[in-house]
Amino acid sequence: MRKYKGHTKLVVKPGSTEEVSKVLKYCNDNMLAAVPQGGNSGLVGGSVPVFDEIVINMSRMNKIRDFDEVSGTLVVDAGCILEVADHFLAEKNYIFPLDLGAKGSCQIGGNVATNAGGLRLLRYGSLHGNVLGIEAVLPDGTVMDDLSRLRKNNTGYDIKQLFIGGEGTIGIITGVSIQCPQRSKAGNVAFFGLENFEKVQQAFRAAKGQLSEILSAFELMDGQSQDLVHRVTDKKRPLEGQHPFYCLIETSGSNPDHDSEKLESFLENVMGEEIVSDGVLAQDETQIQSLWSWREGIPECLGHWGGVYKYDLSIPLPELYKLVDDTRERLTSAGLIGDDEKHPVVGVVGYGHMGDSNLHLNVATRRFDKEVENKLEPFVYEWIAKRNGSISAEHGLGLAKKAFIEYSRSKTMIRLMKQIKELYDPNGIMNPYKYI
Ligand code: FAD
Ligand code: 2HG
Ligand code: ZN
């Protein structure tokens, strides 16, 4: 919504952990607020200097430090771009256990600081499991060297976990060691259309049952999100005709013939049982990329008209899509959605990581409109709280969601979080005004 504008007089770009330490010590001694900044691709305003904070930009710390080809353990500087690390790993037949649309600009330090989820969490799990060690600088300049390469280490509290998803509020991550899986020899993608959300759930069950160990992504896109992508890109649609829902399935396995046979027979099966109305399998890498673009391209296309209200939510699966219907109905009955300039809202769409029960509810608008915002908030958050969902599944709190944390966390949990913040950052210099 172009809500946040950065204000700073100073950006520092340290080139080593020692330099980060000296900068933070100076800031702490002089009570100067600082904002760590990675690739600046975050979606909740976390890397924005709100008043006059000093930006500590990590882009110069971008080296791959070490890779062990036997264990698959990668050690990198925090400023290393995700895609650069993944290309490095590809040459060694390994893969980074995280993938997301912003891979060309986001940094591994930023990914860890936001505990990014992304497109393959279903297969490789969360960074809380994959990160083996972290090197970080505390606000007073102390270097916390916990850059372990061990998979198992039950010697006391696992303090690095606080930095995973800590959004730069208790220190700056300078190095990360991470367990990387073997890159699969075969990658296949299927894209299909379905009549209703009940059938989407049946297809998900069938995919887990029939594709089990090779299933690496199960993404959901509603018909309206695909219509808007089509309006912006004018690309030929993957399927003839239009459907209320679409899913994209990716498989990654070790045997190309076996995997594509499995995916083909899955598709035949679900079409035969009339769970899926129509579907297509990618025949080569170009088609794989093209099918993915109908999913990965959604956030960018939705911004085409002006701004987008973004909600990143965890919801128990059976009700995942109901929120989109309820929100659309609410804005329609208020007369706010329409095809012409008089209406502020262009469309209400739902898409996301079906495999993780993570919905992205996006409301594409022509301009900022207080009436739209009042209809959306706190409505969306109350809706989520009633179902014990999460108001921030994977993007974090930053500035945008800070005020709404109590919809997903109890008073006790918030008190404990505040105590941790005070313990690590008693002067409150690290990324202030955000998170809690
Ligand atoms: P920034 O935006 O620079 O910073 C994010 C937060 O981390 C800030 O609070 C910042 O202060 C802090 N930070 C950054 N670096 C450090 C560090 N070294 N030490 C301590 N704190 C630090 N997110 C998902 O989870 N899943 C997705 O599928 C996904 N897809 C996206 C697709 C697009 C097109 C875009 C634009 C964004 C997407 N995101 C997604 C959001 C975003 O890319 C992630 O949150 C990403 O992990 C942020 O990394 P960054 O380096 O850009 O961090
Ligand atoms: C995605 O899954 C990202 O594409 C972005 O998490 C979601 O923009 C959004 O709301
Ligand atoms: Zn996402």
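The values are calculated or read from the model by the stated rules, or taken from the named source; none is laboratory data. These figures come from a predicted structure and were not determined experimentally. Reconstructed Cβ throughout: ideal geometry from the backbone, glycine too, with neighbour counts over all protein chains shown.
Residues in segment 366-389 include none that are under 18 Å from residue 162 (Cβ atoms), in a helix (DSSP H, G or I), modelled with pLDDT of 95 or more and not small (Gly, Ala, Ser). Within the bounds of segment 346-366, is there any residue that is within 30 Å of residue 100 (Cα to Cα) and without any contact (Cβ under 8 Å) to a residue 40 or more places away in the chain? Within segment 346-366, not a single residue is within 30 Å of residue 100 (Cα to Cα) and without any contact (Cβ under 8 Å) to a residue 40 or more places away in the chain.
Of note, residue 334 satisfies the criterion of being in contact (Cβ under 8 Å) with a residue 40 or more places away in the chain and outside the structural domain of residue 43 (by TED's automatic domain parsing).
Does segment 419-427 include one or more residues that are in the same structural domain as residue 325 (by TED's automatic domain parsing), in contact with a Gly (Cβ under 9 Å, 6 or more places away or on another chain) and at pLDDT 95 or above? Within segment 419-427, none of the residues are in the same structural domain as residue 325 (by TED's automatic domain parsing), in contact with a Gly (Cβ under 9 Å, 6 or more places away or on another chain) and at pLDDT 95 or above. Determine whether residue 376 is outside the structural domain of residue 246 (by TED's automatic domain parsing), away from ligand 2 (no atom under 16 Å from the Cβ) and either of a type in the set (Gly, Ala, Ser) or touching a helix residue (DSSP H, G or I) at 6+ places or on another chain (Cβ under 9 Å) (or both). So residue 376 fails the test. Among all residues of segment 175-187, there is at least one that is over 23 Å from residue 396 (Cβ atoms) and crowded, with 22+ Cβ neighbours inside 10 Å.
Count of segment 6-46 residues, restricted to those that are of a type in the set (S, T, N, Q) and either in contact with a strand residue (DSSP E or B) (Cβ under 7 Å, 6 or more places away or on another chain) or assigned to a strand (DSSP E or B) (or both), is 4. From the list 313, 323, the one residue that fits, being assigned to a helix (DSSP H, G or I), modelled with pLDDT of 95 or more and within 25 Å of residue 196 (Cβ to Cβ), is 323. Within segment 267-287, the residues that satisfy the criterion of being crowded, with 17+ Cβ neighbours inside 10 Å and closer than 20 Å to residue 185 by Cα are 281, 282.
Counting only helices (runs of 4 or more DSSP H) that fall entirely inside segment 98-206 and contain at least 1 residues that are basic (Lys, Arg) and within 16 Å of ligand 3 (Cβ to nearest atom), the qualifying elements are 121-124.
Pairs linking a residue in segment 247-262 that is at pLDDT below 95 to a residue that is basic (Lys, Arg), with Cβ atoms under 6 Å and 6 or more positions apart or on different chains, are 254/185. The lone criterion from (1) under 14 Å from residue 193 (Cβ atoms); (2) out of contact with any strand residue (DSSP E or B) (no Cβ under 8 Å at 6 or more places or on another chain) left unmet by residue 232 is number (1). Of all the criteria given as (1) assigned to a helix (DSSP H, G or I); (2) buried (at least 20 other Cβ atoms within 10 Å of the Cβ); (3) over 21 Å from the mean Cα position of the chain (by Cα), the one not satisfied by residue 226 is (3). The set of residues from segment 78-108 being over 14 Å from the mean Cα position of the chain (by Cα) and either within 8 Å of ligand 1 (Cβ to nearest atom) or basic (Lys, Arg) (or both) comprises 78, 79, 92. Of all residues in segment 282-298, those that are over 17 Å from residue 233 (Cα atoms) have Cβ atoms under 7 Å from Cβ atoms of residues that are assigned to a helix (DSSP H, G or I) and not acidic (Asp, Glu), 6 or more apart or on another chain, in 282/288; 282/291. Residue under question is residue 49, and the condition is that it be more than 16 Å from ligand 2 (Cβ to nearest atom), in contact (Cβ under 8 Å) with a residue 24 or more places away in the chain, part of a loop (DSSP other than H, G, I, E, B) and under 12 Å from residue 178 (Cα atoms); does it hold? Against the criterion (more than 16 Å from ligand 2 (Cβ to nearest atom), in contact (Cβ under 8 Å) with a residue 24 or more places away in the chain, part of a loop (DSSP other than H, G, I, E, B) and under 12 Å from residue 178 (Cα atoms)), residue 49 does not qualify. Could you grab me the full set of residues in segment 272-305 that are out of contact with any His (no Cβ under 9 Å at 6 or more places or on another chain), of a type in the set (A, V, I, L, M) and in a helix (DSSP H, G or I)? The answer is 288, 291, 302.
Does segment 363-372 include one or more residues that are within 15 Å of ligand 1 (Cβ to nearest atom) and either among the small types (Gly, Ala, Ser) or not assigned by TED's automatic domain parsing to the domain that holds residue 228 (or both)? Checked against the condition, which is being within 15 Å of ligand 1 (Cβ to nearest atom) and either among the small types (Gly, Ala, Ser) or not assigned by TED's automatic domain parsing to the domain that holds residue 228 (or both), segment 363-372 yields at least one hit.
Suppose we filter 293, 314 for residues that are within 16 Å of ligand 3 (Cβ to nearest atom) and either surrounded by fewer than 18 Cβ atoms within 10 Å (Cβ to Cβ) or farther than 21 Å from residue 396 by Cα (or both); which single one remains?
Result: 293 is the single residue among 293, 314 that is within 16 Å of ligand 3 (Cβ to nearest atom) and either surrounded by fewer than 18 Cβ atoms within 10 Å (Cβ to Cβ) or farther than 21 Å from residue 396 by Cα (or both).
For residue 246, the conditions (1) in a loop (DSSP other than H, G, I, E, B); (2) over 18 Å from residue 186 (Cβ atoms) all hold with the exception of (1). Scanning for something within 11 Å of ligand 1 (Cβ to nearest atom) and under 16 Å from the mean Cα position of the chain (by Cα), does segment 70-77 turn up at least one residue? No, every residue in segment 70-77 fails to be within 11 Å of ligand 1 (Cβ to nearest atom) and under 16 Å from the mean Cα position of the chain (by Cα).
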